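The values are calculated or read from the model by the stated rules, or taken from the named source; none is laboratory data. Since the model is a prediction, treat every value here as computed from it, not as a measurement. These area figures cover heavy atoms from the full protein model, side chains too; ligands, DNA and RNA do not enter into them. Shrake-Rupley method; radii C 1.70, N 1.55, O 1.52, S 1.80 Å.
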Amino acid sequence: MENIYNNLLQSISKGEKLLAVLIDPDKMKPEGLSDFVVKIHKSVSTHIFVGGSTVEESATSKLVSEIKKHTKLPIVLFPGDVSQLTGQADALLFLSLISGRNPEYLIGKHVASVSKLRQMQLEVIPTGYMLIENGKETAVQKVTDTKPMSINHIPEIVDTAKAGELLGMKLIYLEAGSGALHPISSDIIRKVKHELSVPLIVGGGIRTKKQLELTYQSGADLVVIGTAFEEDEVFFEELNKLK
Ligand code: 1GP
């Protein structure tokens, strides 16, 4: 079986920058999927993440098996809930919302997912997930009933990321929230990256090639983009491999 995390470490050690396209099962229409995947293939995208804040039961499993028919790119679950777990995917970001203080999203959902995970051959990647304020309320904030971290308290953001690493989390994910008005700032990315030995994922509100490049330059190892591709598939062309 392929080891998604080790492959990720190898790519990063070679200086490659990784890009995940986030597909929300709630928003992706099955009839548009194959064209969408063709665009992903032409672009520099390296991973497909699947997940959403509010997804109908079994929609994720159906969507992942459909995506698999069209691609060999690694499919990684980025679930908003236990109901989104499916053994069809290659790996799972086992997200603990360490920016918040809601026990359900720190450990509760994880305990509830174990009976399902036992039956799946899913690579589980413990991930410290951190919601950072971006100027508007996001779905993650509403669903998890947690406050995002203030952009004015960067030392607290850095210490939280480091605490996640010290707890054994293999990835840290800085999240501005889907459709965020402001992506995570360079300053925050740079300072968090400086403290970490594990890879850093950054997502939320990235809509242009320039913003993407800045996010990489600031220290992100893997960037996640969802909304910009959903709203304007032409954005894929800007990120074509041949450009
Ligand atoms: C959200 O980080 C992801 O969980 C992606 O955000 O939809 O704004 O690209 P966007």
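Here are the numbers for this structure:
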| item | result |
| --- | --- |
| Rounded Å value of the spacing that divides the Cα centres of the range 4-56 and the range 82-140 | 17 Å |
| Mean separation of Cα contacts under 8 Å, 6 or more apart, over the residue count of the chain: relative contact order % | 18 percent |
| Solvent accessible area, Å² - Y5, 1.4 Å probe, full protein context | 30 Å² |
| V143, V21, ranked by accessible area, largest first (probe 1.4 Å) | V143, V21 |
| Order of exposure, largest accessible area first, which applies to F78, F94 with probe 1.4 Å | F94, F78 |
| 20 Å tail of the calculated P(r), the range 1-121, as % of Cα pairs | 46 percent |
| Cα convex hull of the range 80-153, projected area averaged across orientations, nm² | 5.2 nm² |
| Computed P(r) (all Cα pairs; the range 4-241; 5 Å bins; percent) | 1, 7, 15, 20, 22, 19, 12, 5, 1, 0 |
| Those aspartates and glutamates that a straight Cα-Cα span of less than 20 Å connects to K209, excepting residues fewer than 8 apart in one chain | E16, E175, D187, D221, E230, E231, D232, E233, E237, E238 |
| Amide H contacts under 5 Å for I23, placed H, 5+ residues apart | F49, V50, G51 |
| Cα-based convex hull volume of the range 190-232 per residue, rounded to whole Å³ | 58 Å³ |
| Too-long pairs where the Cα-Cα distance tops 31 Å, listed order kept, from K42/K109; K14/K136; K29/K193; K17/K68 | K42/K109; K14/K136; K29/K193 |
| Accessible heavy-atom area order of T46, T54, highest first, probe of 1.4 Å | T54, T46 |
| Phi-based couplings in Hz for the range 64-78 (Karplus 6.51, -1.76, 1.60; Gly and Pro marked x) | 5, 5, 5, 4, 4, 5, 10, 8, 10, 5, x, 10, 10, 7, 10 |
| Per residue value of the accessible surface for the range 4-241 (all protein chains in place, 1.4 Å probe), Å² | 46 Å² |
| Estimated [θ] at 222 nm from DSSP helical runs (n ≥ 4, -39500 (n - 2.57)) normalised by residues in the chain, nearest 500 | -10000 deg cm²/dmol |
